[in-house]
Structures are given as structure tokens and as C-alpha cells.
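First the structure, in the form of C-alpha cells, and then the observations on it.
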Amino acid sequence: LATMEESEQRLSKTKALAVFSSDALSSVAYATEAILFTLAVAGPEHFWLVLPISGVIVAILFVVAVSYRQTITAYPNGGGSYIVAKENLGTLPGLIAAAALLVDYVLTVSVSVAAGVAALISAFPALENRTLWSLVAIALVMLVNLRGIKESGTIFAIPTYVFVIGMIGLIAVGLGEFALGQSPRVADVTAVASGGQALGALLILRAFADGCSAMTGVEAISNGVPAFKRPEPINARTTLAAMAILLGTMFIGISVLSMLAGSIPSEHETILSQITRAIFGTGPVYYVLTLATTSILILAANTSFADFPRLASLLAKDRYMPSRFAFRGERLAFSAGIVALAVLAGVVVAAFAGRVEALIPLYAIGVFTCFTLSQAGMVVHWRRDGGPGWRRRATVNGIGAVATAIVALIFAIAKFALGAWIVIIIIPLLVGLMAAIHHEYARASEELDVSERSVIRRPHRRQTAYVPMTDLRRDVVHAVRFGQTLSDEVVGIFVTDDPGAGEALRKRMARQLPGVRLVVVESPYRELVAPLVRYLEQAAKVDPESVSVLLLPEYVQRHWWERFLYNSNQDRIRRALLGNKRILVANVPYRRPA
């Protein structure tokens, strides 16, 4: 795809909902279950708490959604947490937000894919290797995203809408049956071990923190505003509102059904599978919903694949990440970021054996840190820029900042011992790494930048071209001819432990390469690189006004397997002279005629 075709790759609201909201929408498949898993420690008699906990989470969800709608208004070109925090709170808060988001995106892929595989195994127990299938799923999503954002939106839209329609249908049918006096109940489920711990404030906070995983991905739309069709801000705000309404409705609906149907957390069957089986049985509808759930959970990783590379490109442009992350591939996708995300998520999934309950404690603390910094930055933005209704806007963002800060604090306290400490440590380390990268780029820029006031004149310095050789071969002759276009003085260097061979080569060159002087460097210990480098350094000292150019003959093989048949002395010589300001090194490739 050409650069000018970028506008044609933008997303409609329908496709954007699938690309940027699949993470948030799919979380209803495991958020309620995460709450029940935590409450199970205190016994099933406390499962009723899932309803008030879900209600509080939905209330916070709508506060955050309204806050991010205002962010889209203020930043129509994309108002991710990194941009908002950096512009309004400073560089360090911006880097903290960026690091937290990068970590959260990796965990989003890991949790979503692991949950999708768990849903698949609930219906097909024979597929028991969670890690293998999770890695396969990550690879497939990566390959689709490398094709470009528009194509990934087209591919992912169908499973997303099948899931949404299926969940709304499940909730409507389930609530209808209970309203009519029917009472479908979950049966034949092996529950996890329960009881053994008293219900306390810390346990309730842990359950609340686990349920807040339903809110991950809410910020994705504000990050990806430039990917929408025109008018971008209006389309993005509409899509965000639709996502919040669908997410809140499905989350509350699943929590209510889990209580009415008597669902119990199990390591062998998900809560959503239990509810679907109780209401529809194990017929075609059950398998359609199960496959739809698996699809959207796996494809929920696409939200991260859409936003992680975009955030990495912004950081790369600001010189906080390697510059390769800023470049788009042939399909207008940030290929380096896509591949890096897939590799990191694969490592996390393998490390935790693809188990959702092991990954959940690490999840969401990063995104709530970003929520807080972004909303606090928006308060500063409205106070600084003013405008009509700025007090009301600042108040909304302020409420959002306080609410998400409280949730982030709850996460840090309730989940610290269960694995959140890993994320709390990784984020500062990542910030330090980005600062180090920025420092290195700044140092290199200071060394390499050319002042616009300077006039660069041709130097009046002599230069000598040196060509190392082992014999008079075609690649050597090719390098010598190239050297003669650079300098009137071309010198061959023959490093050997046999002076007789050096004299024989000198006589041959005098006959076949007249005008090219040969220097024989004796190496009694059969070394090549060190004697060659010593000679070049000594020659440079003899005539400080001369520039030494070392031309390395390089025979280019036709086939990959031929590389194993030839040594890599050129690479060793180049590394030995790396950084030497008085000796320039250049490869002169020679390809054998066909």
C-alpha cells in the first residue's frame, strides 16, 4: 500500500468497534468469573456479592467513558494517556503512562488469548494443551495484523458482532425464562476448593480488583482516533459510547445470570459456558456461542495489536524507543511493534502456562494507572486552556481521575502479594530504559548533527587505499580497481607466516597489476586481524595528513548454504577497526557472473 492510500484504510464506526473494543467487550466472558473465583475462597454463601461489586464497576466504567469522550474532543488527533500526561503533567508522568500502557497491552494479549483457549477447552476437553494453542492464536492474530488495520477490521468484525448478539440473546432469553417462572440451574460442575478464609475487606477488594479487568481497553478508542474515517472525533465519540453501553449491559447481565443459575467457579468449565449450557443445553446454540466467545477472546488481542504499535511509534518519534518502531511496513502497519508485541505476549503466556487465573493478578493495574494520569492531565488541560464549560469538563475528568486512582491503589494493595508486584517493578524499569534510550539518541544527535550555518568544503587531503588479500583473485582485482578510482596510491596487504609466499605474490602483482604496491606483513603466529590492524595504525601515524581507506573484497555467494563454506574475516576486520577515526572501512562486493 502506498502512503497516499492511508486515508482509504481508515475504519468506519462498525469496523472500529470490532478493532478497538473487542478487548473491552470480550472481558465480560471472564470478569464475573474472576470475581467468583476470589469470593470462592470465603465460601459460596458469599457469591451474592458479585452483584454489588459488578454494579460499582459499571458505575466507574461510565465515569471513565464520559471522561474519555472529553479527551477525544480535546485531542482530535489521538489523545492517548502518553500524549495527554506528557503535554499536561510533564515528561516523567508521560513515560510512566506509556510504560504502564505497554505492559498492559502485553498482558491484554496474554489474558485474552488464554481466556479464549480456556473457553474452547470447556467445550472440547481433548484440546488440553493451553500453552500450545495460546501461542498458535497469538501467531495468527499477529499475521492478520501485519496485513494492515483495515483488513484486520474486516476479518474481526464478524466474530465480534456474533459474540455481542449472542450475549445479548443469552441474557434476554435467560432473564425471560426466570421472569416466566422457569429456573434453569447449572449442574454437573466440579467446583474449585472453597472456604477456609474469612470474608474480610481485603478479600472483597481483591474480588473488586479482579472484576475491574472488565474495564481494560476503554482507552483504546481515544488512542486510535486517527484510524477513524472523517469526521474522526465524532465517529470516535459515538463508538466509545456504544462500547460503554454494550459492555455495561453485558457485564451486569452475565453477573445476574450467574447468580440466578447458581454458577460456581471451576477449573474445568468457565462461568459463561455453565450459564449457556443451563439455558440452551448442549445443542448447536451452545457450540455457536462457545466458538463466538473463543473467537472474540482471541481476537480481543487485536485491540492491543492496534494500539501497542501506534504507541510504540509515538515513543520512537520522541526518541524513547528504537527508531525502527516508527516506520510502517508495506501494508501501512507498524510491523516492528506488531512482532514485538506477539513475542512478548508469547513469552508471558508460556511463563504462566496459559492459565487465566494466574495472569489476572497482573492484569489491569497498568491500565488504571494510565486512566489516572490521563484524567489528571485533562484537568490541567481544561484549567489551562479554559473555554466554554471548562469547569464542568474539568470536574468530570477530576471525578474520573479520583475514581481510577482509588482503583489503582486497591489493585496495588490487594494484588501485591499475588503478582502485582511484578508489574509495579517492571513499570519503573521500563521508564528507566526509555530514558536511557532518549539519552543515547540525544548524545548521538549532538555528535552527528550538522549546523545549518556551516559550509562543507572539499578537503585537500591525500588518501591511500589499502586492499587486504590472500591471493590475486577476481574479487581482489575488483577491489583494487575500485580503489584506483579513489586514489592514485593503492596498496595491497598480504598477511602471512611464509615470507616466500609473500615474495611470490609480489612478483605476480608486479607483472599483472603494475603500479599497485604490495606490503607483506609477517605473522609468525598465523594471526590475521591483529597484524593487519597494527600495520594500518602505524601507517596512519607516519602520515597524519593522509586518509587511510581499507577496502575489503567480499565474495557474494549465490545461495544461502554457500555462506558456511567461506570464512567471515571481513566482519572480524571491520569490528576491530570500528570507531577508529583515522581509518575508513568499506566492503567491495563481487558477485560471480551467471
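Let me check something: with ligands and nucleic acids excluded, how do LYS15, LYS229, LYS415 order by accessible area (1.4 Å probe), largest to smallest? Let's see the in-between values first.
On the way: LYS15 55, LYS229 105, LYS415 5 Å².
Result of the area sort, largest leading: LYS229, LYS15, LYS415.
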Placed amide H near GLN463: partners under 5 Å, 5+ positions off or other chain = VAL547
To the nearest 0.05, the calculated FRET efficiency linking LEU418 and ARG391 through their beta-carbon distance, R0 being 51 Å, is 0.80
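Hey, what's the range 47-180 come to in accessible area per residue, 1.4 Å probe, Å²?
Working: 4850 Å² over 134 residues.
Accessible area per residue: 36 Å².
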When all alpha-carbon pairs of the range 422-563 are counted, what percent fall beyond 22 Å?
-> 59 percent
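Could you grab the relative contact order for the range 470-594? Cα pairs under 8 Å, six or more apart, rounded to a whole percent. Present the calculation step by step, with values, prior to reporting the outcome.
Details: 141 pairs, mean separation 34.2, N = 125.
Relative contact order comes out at 27 percent.
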Using only alpha carbon pairs under 8 Å that are at least six residues apart, calculate the relative contact order of the chain and give it in whole percent.
-> 21 percent
So what J values fall out for the range 544-554 if you push phi through Karplus, 6.51 cos²θ - 1.76 cosθ + 1.60 with θ = phi - 60°, rounded to Hz, Gly and Pro as x?
-> x, 7, 9, 9, 9, 10, 9, 9, 9, x, 10
May I ask for log10 I(q)/I(0) of the chain at q = 0.06, 0.10 Å⁻¹, from a Debye sum over the Cα atoms as equal point scatterers with solvent left out?
-> -0.45, -0.86
Heavy atoms of LEU433: accessible area, 1.4 Å probe, square angstrom to 10 = 90 Å²
With no solvent term and unit scatterers on the alpha-carbon positions of the range 452-500, Debye gives log₁₀ I(q)/I(0) at q = 0.19 Å⁻¹ of -0.70
So the FRET efficiency between MET259 and LEU584, C-beta based with R0 = 60 Å and rounded to 0.05, is 0.20
If you roll a 1.4 Å probe over the range 299-418 with all protein chains in place, what percent of the accessible area is carbon or sulfur?
-> 67 percent
Please list, or write none, the aspartates and glutamates whose alpha carbon is within less than 15 Å of the alpha carbon of LYS86, excluding same-chain residues fewer than 8 places away.
-> ASP318
Could you check how much of the accessible area of the range 43-130 is carbon and sulfur, as a whole percent, using a 1.4 Å probe?
-> 68 percent
If ligands, DNA and RNA are left out, what is the accessible area of ASP449 with a 1.4 Å probe, given in Å² to the nearest 10?
-> 110 Å²
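Tell me whether the range 423-465 comes out rounded, prolate or oblate; compute the Cα gyration tensor, take square roots of the eigenvalues as a ≥ b ≥ c, and use a/c under 1.5 as the rounded threshold.
Details: a/c = 9.93, a/b = 2.91, b/c = 3.41.
Because a/c hits 1.5 or more and a/b fails to exceed b/c, the range 423-465 counts as oblate.
Based on the alpha-carbon gyration tensor of the range 485-571, what equivalent-ellipsoid semi-axes (square roots of 5 times the eigenvalues) come out, in whole Å, largest first? It would help to have the intermediate numbers written out before the result.
Values: eigenvalues 109, 61, 55 Å².
Each semi-axis is the square root of five times an eigenvalue, giving 23, 17, 17 Å.
Report the per residue volume, in Å³, of the convex hull enclosing the C-alpha atoms of the range 468-528. Each step should come with its number before you reach the end.
Values: hull volume 4.3 nm³, N = 61.
Output value, Cα hull per residue: 71 Å³.
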With 0.36 nm assigned to each residue of separation and the Cα-Cα distance removed, GLU128 to ARG147 gains 3.8 nm
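Rounded to the nearest whole Å², what accessible area per residue is found for the range 372-506 with the 1.4 Å probe? Walk me through the intermediate numbers first.
On the way: 8300 Å² over 135 residues.
Counting only protein heavy atoms, the per-residue value for the range 372-506 is 61 Å².
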Lysines with Cα under 20 Å of LYS581, excluding same-chain neighbours fewer than 8 positions away | LYS541
Angle between the Cα long axis of helix 13-26 and the longest principal axis of the chain, 0 to 90 degrees, nearest 10?
-> 70 degrees
So which aspartates and glutamates can LYS15 reach, going by Cα to Cα under 12 Å and dropping same-chain residues fewer than 8 places off?
-> GLU151
Using modelled amide H (1.01 Å from N, peptide plane; none on Pro or chain starts), what sits under 5 Å from the amide H of GLU554, excluding residues fewer than 5 places away?
-> VAL588, TYR590
Kindly provide the helix-only [θ] at 222 nm of the chain, computed as the sum of -39,500 (n - 2.57) over DSSP H runs of four or more divided by all residues, to the nearest 500 deg cm²/dmol?
-> -21000 deg cm²/dmol
Determine ³J(HN,Hα), in whole Hz, for all residues of the range 274-290 in sequence, where each value follows from phi through the Karplus function 6.51 cos²θ - 1.76 cosθ + 1.60 and θ = phi - 60°; x replaces Gly and Pro.
-> 4, 5, 4, 5, 5, 8, 10, x, 9, x, x, 4, 4, 6, 5, 5, 5
Amide proton proximity set for VAL519, modelled H, under 5 Å, gap of 5+ | GLY492, ILE493, PHE494
Shape call, the range 5-152: gyration tensor on alpha carbons, a/c limit 1.5 = oblate
Between GLU527 and ALA179, with labels modelled 7 Å along Cα→Cβ, what's the label distance in nm to one decimal, could you check?
-> 8.9 nm
Run the dipole for the chain about the Cα centre, Lys and Arg Cβ at +1, Asp and Glu Cβ at -1, nothing else charged, and hand back the magnitude in debye, nearest 20.
-> 1880 debye
Which residue, chosen from ALA353, PRO265, ALA540, occupies the Cα position most advanced towards the positive end of the dipole of the chain, where the dipole is computed from +1 (Lys, Arg) and -1 (Asp, Glu) charges on Cβ about the Cα centre?
-> ALA540
Rough spin-label spacing in nm, given labels placed 7 Å along Cα→Cβ, for ARG508 and ALA187 | 9.2 nm
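Hey, what's the Kirkwood Rh for the range 96-143 if you take every pair of different alpha carbons, in angstrom? Walk me through the numbers before you get to the answer.
Details: mean 1/r = 0.0860 Å⁻¹.
By the Kirkwood definition, the hydrodynamic radius is 11.6 Å.
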Express in % the proportion of alpha carbon pairs of the range 237-374 at distances exceeding 28 Å.
-> 37 percent
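As an exercise, find the ratio Rg/Rh for the range 168-320 from alpha-carbon atoms, using the Kirkwood inverse-distance average for Rh. All intermediate terms of the calculation are to be shown ahead of the outcome.
Values: Rg = 19.5 Å, Rh = 18.5 Å.
With Rh from the inverse mean 1/r over Cα pairs, Rg/Rh is 1.05.
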Given a Förster distance of 51 angstrom, what is the FRET efficiency for ARG457 paired with ARG384, based on the Cβ-Cβ distance and rounded to 0.05?
-> 0.55
Along the principal axes of its C-alpha atoms, what lengths does the range 346-455 span, in descending order and rounded to whole Å?
-> 64, 48, 20
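The values are calculated or read from the model by the stated rules, or taken from the named source; none is laboratory data. Please read these numbers as outputs of a predicted model, since none were measured by experiment. Please note: Cβ atoms are built from the backbone with ideal geometry, for glycine as well, and neighbour counts cover all protein chains shown. For accessibility, only protein heavy atoms count, side chains too; no ligands or nucleic acids. Shrake-Rupley method; radii C 1.70, N 1.55, O 1.52, S 1.80 Å.
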